[in-house]
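Note sheet for the following structure.
Derivation of every value follows stated rules applied to the coordinates shown; laboratory data play no part. Only a predicted model underlies this, so the values are computations on that prediction, with no experimental measurement involved. Here the Cβ is made from the backbone with ideal geometry for all residues, glycine too, and neighbour counts use every protein chain on show.
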Ligand SMILES: CC(C)(COP(=O)(O)OP(=O)(O)OC[C@H]1O[C@@H](n2cnc3c(N)ncnc32)[C@H](O)[C@@H]1OP(=O)(O)O)[C@@H](O)C(=O)NCCC(=O)NCCS
């Protein structure tokens, strides 16, 4: 297990060739203590600067793990809180609905009480009639914990795992000023399109293998494993 401060999370290089730790722990440096579970707030404060037990190992504030079946309801509730009721009207949703995330690429961040405080998933897609790729999203963090490094830790873990599993490229629709720090840009996406309304400058991509997006063109299509049975929305 690897313990990191928020600044250490930000400085961590994405290293596709090296497998990330199965679990990534991080500590917040500037998240509002009031928003944390009492036990976590206590432990985070105890590990912060100037505390009497300075020098002792910092307690983990959150951990990133693979999403489990028991996380689904908490994840959906978190997405509602973080993104609002219109989140399911996005074009990206067309590429996710009725599908399972790409194998091994659904993650949650948990606080010390075990509560889900962040989520990110990646989905198998096809670029036009051409090569396979991943679509990332939604990425969301508990609103009270914004700017505490959870989103960055989820992104870096997700990208590193996708690279380790051999994927060539990741696409997403989002804010370039945020996702640019993880290497995403609109440089390679001008010839690609989402299957519905979207803002072209927000379609971003990251190549995990050099040239993975060379010649990519056309509308992005869902290519993930299909869900079976009832309650598709809940278990997706
Ligand atoms: C966007 C989100 C995932 C970021 O996660 P987070 O844990 O709050 O962010 P981090 O702590 O990793 O990063 C914070 C940094 O990103 C910046 N940032 C956050 N959102 C940003 C945005 N939309 N555009 C530009 N910068 C952004 C912050 O200003 C901060 O900058 P700093 O490091 O220079 O101080 C989170 O705020 C969230 O869930 N938002 C609501 C849902 C959402 O918008 N999801 C993304 C859909 S595209």
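Label-to-label distance, residue 73 versus residue 202, with points set 7 angstrom from Cα along the beta-carbon direction: 3.1 nm. Each listed q (0.23, 0.25, 0.28 Å⁻¹) maps to a log10 I(q)/I(0) for region 90-141, found by the Debye formula over equal Cα scatterers with no solvent: -0.89, -0.98, -1.11. Dividing the Cα radius of gyration of region 76-233 by its Kirkwood radius returns 0.94 for Rg/Rh.
Sorted fewest first by neighbouring Cβ atoms within 10 angstrom, 194, 155, 83 come out as 83, 194, 155.
Hey, with R₀ at 30 Å, roughly what FRET efficiency would residue 113 and residue 87 work out to, going by the Cβ-Cβ distance, to 0.05? Intermediate results must be reported in sequence, preceding the final value.
On the way: r = 25 Å, r/R0 = 0.84.
Efficiency at R0 = 30 Å is approximately 0.75.
With the cut-off at under 19 Å, measuring from each backbone N in region 113-134 to a point 7 Å along the Cα-to-Cβ line of residue 187 picks out 134.
Which order do the peptides 138-151, 68-81, 170-183 come out in when sorted by mean C-beta neighbours inside 10 angstrom, highest first? Mind showing how you got there, number by number?
Values: 138-151: 20.3, 68-81: 14.4, 170-183: 17.6.
Put in order of decreasing packing, that is 138-151, 170-183, 68-81.
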